[in-house]
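Participant: After the structure tokens below, expect a handful of questions from me.
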Amino acid sequence: MQRVLVLAAVAALALAVAPAAVAKEITKAEVCGADGCVSVDDADGRFALMEGGPPRTPPAAAPYYEVNMEMDHRGGGFSYTAVPDRRAYRADDGGWYEMPPAMVVLVAKAAARSRAFPAAGLIGAAPAPEPPADTGNALWPEGALIALVLAAGGVFLVRLARGSRRFGPASS
């Protein structure tokens, strides 16, 4: 019993003397577009920018924003590329993830004050879909056959009309 009390006292003393864990706090959050960066001042919003979603396939290219976060812990921070139209973001490691709804709303709200970067500059997006195969002229050969039939029909009708005038009603 004494052993248990001694161990408990040593553990309590170690916890009391241990320095407090350094909490990571977001000191700066911004959404950057072609016109510059817009600061996100709302503390709750800053945490929404940190929420991660499940992995996903790269989206098709679309206008995008850069989101930058700075932490008070040893000058740390991170950034990612947000594509709100596709509800996707690309982390620094190159992986693509779903944007949670709160993140989409916050990025869109901040982005309303800045133009997006053009889709052409989005790195890691899915390749554009292949254009449909060129099937040639849509009027060939069916259109040519229809034109020949109509022309032959027209010639037939003209000759028929001329022939009926020649052999018209008998005159008395």
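The values are calculated or read from the model by the stated rules, or taken from the named source; none is laboratory data. These numbers were taken from a predicted model, which means no experiment stands behind them. Every residue, glycine among them, receives a Cβ derived from its backbone with ideal geometry; neighbour counts consider all protein chains shown. Accessible surface is based on the protein model in full, side chains and every heavy atom, while ligands, DNA and RNA are left aside. Shrake-Rupley method; radii C 1.70, N 1.55, O 1.52, S 1.80 Å.
Participant: Could you order peptides 63-72, 91-100 by the average number of other Cβ atoms within 10 Å of their residues, highest first?
Facilitator: 63-72, 91-100
Participant: Another question, then. Order the peptides 147-153, 26-32, 107-113 from the highest to the lowest mean number of other Cβ atoms within 10 Å of their residues.
Facilitator: Working: 147-153: 10.1, 26-32: 19.0, 107-113: 17.0.
The packing order, highest mean first, is 26-32, 107-113, 147-153.
Participant: How much of S79 can a 1.4 Å solvent probe reach, expressed as accessible area in Å² and rounded to 10?
Facilitator: Taking all protein chains as shown, S79 has close to 30 Å².
Participant: A follow-up question, please. Suppose all protein chains stay in the model; what accessible area per residue would a 1.4 Å probe give for the range 43-127, in Å²? It would help to have the intermediate numbers written out before the result.
Facilitator: On the way: 4510 Å² over 85 residues.
Result: 53 Å² of accessible area for each residue.
Participant: Calculate, in nm to one decimal, what A91 and R162 gain on full extension: separation in residues at 0.36 nm each, minus their alpha carbon distance.
Facilitator: Stretched fully, the A91-R162 segment lengthens by 17.5 nm.
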